[in-house]
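The values are calculated or read from the model by the stated rules, or taken from the named source; none is laboratory data. These numbers were taken from a predicted model, which means no experiment stands behind them. All Cβ positions, glycine included, derive from the backbone under ideal geometry; neighbour counts span all protein chains shown.
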Amino acid sequence: MRLVCTASLPDDARLACDILTGRDAAPLLRAGVTLNARFVEHLQRAGVQSVWIDDDLGRGIDPIQVISAQTRALGTRALAGLHEQAKRAVATGRGLEPEATDDLSDVVDAILQEVEGHDGKAVVLADLCGPSAYTLQHSIDMTALGLLVGRRLILEHGWLDYKGERQDDRIEERLFRLGMGLMLADIGKLALPDSILNKPGRLSEDEWELVKTHPKAGVKLIRDAGAWCPLVQSCVLRHHERWDGRGYPEGKLETEVHQMARIAAVADVFDAITSERPYAPAKPTHVGVQTILAGAGTQFDPLICGVFAQRVAPFPPGIEVELSDGRRAIVVSLPEFEFDRPVVRVLSGPGAPFDLSMQQDHSIQIAGWNPVPAALAAQAA
Ligand SMILES: [Fe+2]
């Protein structure tokens, strides 16, 4: 399968993955349908910029989606229910009921299990949704990415206790709480008016100040819910703090911010950039990766950025790229330790299509890609 812009779909392409566009777990279009002109119009009207298709050029390319359609549907249903309860709680000025987050536990367990199953493999984090699905799907994708990075970080470097000392026990419990914190990180946005959340343009200064209240509003909401614990609270309260202290709500610096909240910060920004949002189109995966790496040591914890670079491929299988000699190609597969030198299927020029290993032919680069800084990779090793 391969990822193609909805504006340039080949005739009678077959959809390879479900397309979600709203709060509902039911997709707008299901995998397997042939994309005729009417369906393409539906996709474009829903703001879906690109879709995974099955055709001859994508044959044998098998990207691993970080979470399955089934887990995504489970998560969408659980979060939609939680968001309804959160809106009612906001309206009455109370917190969430103690059992409000019970359903989320199953979702976090399911995501954690899938993340463990992908150990050592490159996974695809490309967006599959329209902008109206952003609020819900962002929480799910941020959780999957945060657990992917968090698991590798803890396995390789342990987790830090409240004294900042390394611990290597109770890893599953740690990851579960991180997952709950990631799922609930933006719950406080339910206290914001829809006119701000879904505003297609730039926010005014006053609107932006209101957005900055969502971490504290989130903590207020979950205080009485069963999922509450200091680690979950830290993710909710601190996922917009920065390594250099220039974040919000309190401008906490470096290790003043809980290690798990520092993971949440990376997952939040990467998923936001690479998702269709009401106010900005999705950017390609490699732009998201470059943004995270460029923020190492200023916006983000450099160690977490290094682990992120080991887990998230800038050019996942199925993505179309331009080679340094101008030819177009699709990424077929990735070597384990050199994500930016994949096997590609060359689509243009003499003899095309054919597969080429960029590990064997070092004269070819991917156009516009700056390799991961060596210092950063060393920090993660
Ligand atoms: Fe947030």
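Test Ala309 against the criterion of being of a type in the set (Gly, Ala, Ser) and under 30 Å from Thr135 (Cα atoms), and give yes or no.
On the way: of a type in the set (Gly, Ala, Ser): yes; under 30 Å from Thr135 (Cα atoms): yes.
Taking the combined requirement at face value, the residue satisfies it.
Yes/no per residue for (1) assigned to a helix (DSSP H, G or I); (2) closer than 20 Å to Ser275 by Cβ; (3) not aliphatic (A, V, I, L, M):
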residue: Asp12; (1), (2), (3): no, no, yes
residue: Val51; (1), (2), (3): no, yes, no
residue: Ile61; (1), (2), (3): no, no, no
residue: Ala91; (1), (2), (3): yes, no, no
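Mind checking which residues of the stretch 176-207 are more than 14 Å from the ligand (Cβ to nearest atom) and either outside the structural domain of His239 (by TED's automatic domain parsing) or of a type in the set (A, V, I, L, M) (or both)? Lay out the reasoning, then the answer.
Of all residues in the stretch 176-207, those more than 14 Å from the ligand (Cβ to nearest atom) come to 176-180, 193-195, 198-202, 204-207.
Once the filter is applied, which keeps residues that are more than 14 Å from the ligand (Cβ to nearest atom) and either outside the structural domain of His239 (by TED's automatic domain parsing) or of a type in the set (A, V, I, L, M) (or both), the stretch 176-207 yields Leu178, Met180.
Name the residues in the stretch 28-41 that are crowded, with 17+ Cβ neighbours inside 10 Å and not aliphatic (A, V, I, L, M), would you?
Phe39
Could you say which residue among Ala265, Ala367 is under 30 Å from Ala46 (Cα atoms) and free of Cβ contacts under 8 Å to residues at least 60 places away in the same chain?
Ala265
Restricting to the stretch 264-285, name every residue that is aliphatic (A, V, I, L, M), touching an Asp or Glu at 6+ places or on another chain (Cβ under 9 Å) and within 14 Å of the ligand (Cβ to nearest atom).
Step one: filter the stretch 264-285 for residues aliphatic (A, V, I, L, M), giving 264-267, 269, 272-273, 280, 282.
So of that shortlist, the ones also touching an Asp or Glu at 6+ places or on another chain (Cβ under 9 Å) come out as 265-267, 282.
If the condition is that a residue be aliphatic (A, V, I, L, M), touching an Asp or Glu at 6+ places or on another chain (Cβ under 9 Å) and within 14 Å of the ligand (Cβ to nearest atom), then Ala265, Val266, Ala267 are the ones that fit.
Yes or no, residue by residue, for (1) at positive phi; (2) part of a loop (DSSP other than H, G, I, E, B); (3) at pLDDT below 90; (4) among the hydrophobic types (A, V, I, L, M, F, W, C):
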{"site": "Leu104", "(1), (2), (3), (4)": "no, no, no, yes"}
{"site": "Val115", "(1), (2), (3), (4)": "no, no, no, yes"}
{"site": "Ala126", "(1), (2), (3), (4)": "no, yes, yes, yes"}
{"site": "Val149", "(1), (2), (3), (4)": "no, no, no, yes"}
{"site": "Leu153", "(1), (2), (3), (4)": "no, no, no, yes"}
{"site": "Tyr162", "(1), (2), (3), (4)": "no, yes, yes, no"}
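For residues in the stretch 208-234 being buried (at least 20 other Cβ atoms within 10 Å of the Cβ) and within 10 Å of the ligand (Cβ to nearest atom), which is farthest from Tyr162 (Cα to Cα)?
If we take residues in the stretch 208-234 being buried (at least 20 other Cβ atoms within 10 Å of the Cβ) and within 10 Å of the ligand (Cβ to nearest atom), then His214 is farthest from Tyr162 (Cα to Cα).
Just checking, which of Asp161, Asp244 is within 27 Å of Gly297 (Cα to Cα), more than 16 Å from the ligand (Cβ to nearest atom) and surrounded by 14 or more Cβ atoms within 10 Å (Cβ to Cβ)?
Working: Asp161 fails: surrounded by 14 or more Cβ atoms within 10 Å (Cβ to Cβ).
Just a single option satisfies the conditions, and that option is Asp244.
Looking at Ile292, is it touching a strand residue (DSSP E or B) at 6+ places or on another chain (Cβ under 7 Å) and away from the ligand (no atom under 11 Å from the Cβ)? Walk me through it before giving the result.
Numbers: touching a strand residue (DSSP E or B) at 6+ places or on another chain (Cβ under 7 Å): yes; away from the ligand (no atom under 11 Å from the Cβ): yes.
Spelling it out, Ile292 is indeed touching a strand residue (DSSP E or B) at 6+ places or on another chain (Cβ under 7 Å) and away from the ligand (no atom under 11 Å from the Cβ).
Quick one: would you say Ala80 is in contact (Cβ under 8 Å) with a residue 12 or more places away in the chain and in the same structural domain as Arg177 (by TED's automatic domain parsing)? Working first, answer last.
Numbers: in contact (Cβ under 8 Å) with a residue 12 or more places away in the chain: yes; in the same structural domain as Arg177 (by TED's automatic domain parsing): yes.
Yes; evaluated as a whole, the condition is true for this residue.
Would you confirm whether any residue within the stretch 338-354 is outside any loop (DSSP other than H, G, I, E, B), without any contact (Cβ under 8 Å) to a residue 24 or more places away in the chain, loosely packed, with under 15 Cβ neighbours inside 10 Å and over 23 Å from the mean Cα position of the chain (by Cα)? Steps first, please.
Narrowing the stretch 338-354 to residues outside any loop (DSSP other than H, G, I, E, B): 343-346, 354.
Filter once more, keeping what is without any contact (Cβ under 8 Å) to a residue 24 or more places away in the chain: 343-344, 346, 354.
Of the ones still in play, those that are also loosely packed, with under 15 Cβ neighbours inside 10 Å are 354.
If we keep only those that are over 23 Å from the mean Cα position of the chain (by Cα) too, we end up with 354.
Checked against the condition, which is being outside any loop (DSSP other than H, G, I, E, B), without any contact (Cβ under 8 Å) to a residue 24 or more places away in the chain, loosely packed, with under 15 Cβ neighbours inside 10 Å and over 23 Å from the mean Cα position of the chain (by Cα), the stretch 338-354 yields at least one hit.
Which of the residues belonging to the stretch 288-305 are farther than 15 Å from Gly245 by Cβ, surrounded by fewer than 21 Cβ atoms within 10 Å (Cβ to Cβ) and of a type in the set (Gly, Ala, Ser)?
Ala294
Taking the stated definitions as given, is Ala86 modelled with pLDDT of 90 or more, crowded, with 18+ Cβ neighbours inside 10 Å, within 16 Å of the ligand (Cβ to nearest atom) and among the hydrophobic types (A, V, I, L, M, F, W, C)? Explain how you work it out, then say what you get.
Numbers: modelled with pLDDT of 90 or more: yes; crowded, with 18+ Cβ neighbours inside 10 Å: yes; within 16 Å of the ligand (Cβ to nearest atom): yes; among the hydrophobic types (A, V, I, L, M, F, W, C): yes.
Yes: the conditions hold for Ala86.
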